[in-house]
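Pasting in a structure now, in structure tokens, and then I'll have a few things to ask.
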Amino acid sequence: MRNTLWPLAALATLVLIAAGCSNAPAGNGGSTTGTTSVHAKAVKFSECMRAHGVAAFPDPDASGQLTIDAVANGSSVDTSSPVFEQALSACKHLEPAGFTGTKVTSKQRTARLEFAQCVRRNGVPDFPDPTPDGPLIDTNRIPSTSTPNGMSDLNAATQKCGQYASAAGVTGNR
């Protein structure tokens, strides 16, 4: 059982770090400055990927969104190639939130929905279904995480739902 909780603990830690490092305020809509910073970072990541041999790597959309699903399904980039993996490793420090480096399979999409349902049943009723090309956990879309016990509740729920996160492709090495 402990081996299955490790990836989830790593995921929860990553979520906490991403939430703490976000430039967007914890309000309803974010700000132009936060969006600009997210977009600028995503552009730098795209430039880095191209500089490291993935010539067809796309730029992010206007909001700064850049996810592996969009890259894998919306471009000619081969996300399983050695060149892609090497570029991803070289550009890891610029990787935008939610960019996992692997394509989500239909089985993983189903597990992601089951994970969201499980988290809602276990104390986070405002946990949203994951978007097709977004991260599994996006604290910017979970209003309760800004409450005093919100992150603790989320962490407890994600630990209880570890089997779904594992089936969704969450690993401890990202």
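In straight Cα distance, which aspartates and glutamates are under 14 Å from LYS160, not counting same-chain residues fewer than 8 positions off?
Straight-line reach from LYS160, under 14 Å: GLU114.
Tell me the accessible surface of HIS52 in square angstrom (1.4 angstrom probe, heavy atoms of protein chains only), to the nearest ten.
Number for this one is 90 Å².
The values are calculated or read from the model by the stated rules, or taken from the named source; none is laboratory data. Keep in mind it's a predicted model, so treat the numbers as computed, not measured. These accessible areas exclude ligands, DNA and RNA; they are computed on the full protein's heavy atoms, side chains included. Shrake-Rupley method; radii C 1.70, N 1.55, O 1.52, S 1.80 Å.
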